[in-house]
Each structure stands twice: as C-alpha cells, then as structure tokens.
Amino acid sequence: MKYAGLDIGLKRIGLAICLQSYIVTPCDAILRKNRNQAAKDVDEFLQTWGIETLVVGLPKNGSSSQEMQRRIQHFVSLLEFKKEIFYQDEYGSSLEAKSMMQGITKQKRDGKIDSMAAKIILERFLQK
C-alpha cells in the first residue's frame, strides 16, 4: 500500500510518502499560488507516486480550527484523487516539526517544516 500525507496550509502544502513498510519520507512542499494550481500539483504528485491512500492533517482543537477544517475539506474536494482519503488530527505537528528541524535547517519558508509536519501526520495515522 502506498500512502501520502498532506499538511495543507494557506501558503504551502507539506507532502510525505510511505511506499513500503512504515518508512515515511518528507518530500518537497508545494508552494500555493492559488487553490486550483495547488490542487493540480497535488494530483500530479499523487499520480506520479501511484498513491493508493491519502492522509490529510485536520485541526481538531483551537480557536480557528472549524474554519481551517472547512478550508481543508474544500481543498480536498478539488482533488481528482478518487481512492481512500482519511483525516488525521494534526494537533502540534507543526511545532513538533519545528523542534525536530531546529539546528538542522534555518527557519526559512521553503516548505521543509511543512513536509516534516506531513511526515508526522502520516506516521501518526500509520501507528493506529
């Protein structure tokens, strides 16, 4: 089974894949210019890797979580991906990713932290 994890943000979409066993690898993030371009880029990524199951991070707690849930679910509805889609609580994944990356990479906006958050989200799902 080939899995992909998404950490959908307003500026970038973090990506991670699991192609065999339970080894999850972060991939280059997608810079989000607009939602149609981003959905097309995500679809291309999923097709290129032959992904069979998609795991999307969804905020369950917090003051703005309902609005972000709505935005994320709308974005997922734009995808042409017609296989299994699961939502995984992403609580704390970005903070965890930042602390893991501290000292390894400068805190620049290149999407590495977003993709590390996607990796954490996918790992949480696979550990269930």
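Quick check, is Ile121 assigned to a strand (DSSP E or B), modelled with pLDDT of 85 or more, surrounded by 15 or more Cβ atoms within 10 Å (Cβ to Cβ) and within 15 Å of the chain's Cα centre (by Cα)?
Numbers: assigned to a strand (DSSP E or B): no; modelled with pLDDT of 85 or more: yes; surrounded by 15 or more Cβ atoms within 10 Å (Cβ to Cβ): yes; within 15 Å of the chain's Cα centre (by Cα): yes.
Answer is no for this residue.
With the structure loaded, tell me whether Leu15 is surrounded by 12 or more Cβ atoms within 10 Å (Cβ to Cβ) and within 18 Å of Ile113 (Cβ to Cβ) or whether it fails that test. Break it down into steps so the answer makes sense when it comes.
Details: surrounded by 12 or more Cβ atoms within 10 Å (Cβ to Cβ): yes; within 18 Å of Ile113 (Cβ to Cβ): yes.
In short, yes.
From the residues in region 67-92 that are of a type in the set (Asp, Glu) and at pLDDT 95 or above, which one is farthest from Lys128 (Cα to Cα)?
Glu80
Yes/no matrix, rows are residues, columns are (1) of a type in the set (Val, Ile, Thr); (2) exposed (fewer than 11 other Cβ atoms within 10 Å of the Cβ); (3) in contact (Cβ under 8 Å) with a residue 40 or more places away in the chain:
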{"position": "Ala29", "(1), (2), (3)": "no, no, yes"}
{"position": "Asn34", "(1), (2), (3)": "no, yes, no"}
{"position": "Ala39", "(1), (2), (3)": "no, no, yes"}
{"position": "Val55", "(1), (2), (3)": "yes, no, yes"}
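Of the conditions (1) polar (S, T, N, Q); (2) modelled with pLDDT of 95 or more; (3) under 20 Å from Lys83 (Cα atoms), Gln37 clears all except one; give me its number.
With respect to (1) polar (S, T, N, Q); (2) modelled with pLDDT of 95 or more; (3) under 20 Å from Lys83 (Cα atoms), Gln37 is out only on (3).
For region 47-66, name all the residues that are outside any loop (DSSP other than H, G, I, E, B), modelled with pLDDT of 90 or more and over 18 Å from Ala117 (Cα atoms).
Gln47, Thr48, Trp49
Search region 18-46 for residues being hydrophobic (A, V, I, L, M, F, W, C) and part of a loop (DSSP other than H, G, I, E, B), and hand back the single one that is nearest to Lys119 (Cα to Cα).
Step by step, filter region 18-46, then rank; the result is Val24.
What number of residues in region 52-75 are under 15 Å from the mean Cα position of the chain (by Cα) and farther than 18 Å from Arg124 by Cα?
Adding up the residues that qualify gives 7.
Hey, does region 74-85 have a residue that's closer than 20 Å to Ile113 by Cα and hydrophobic (A, V, I, L, M, F, W, C)?
no
The values are calculated or read from the model by the stated rules, or taken from the named source; none is laboratory data. These numbers were taken from a predicted model, which means no experiment stands behind them. A quick note on method: Cβ atoms are made from the backbone with ideal geometry, for glycine too, and the neighbour counts reach across all protein chains shown.
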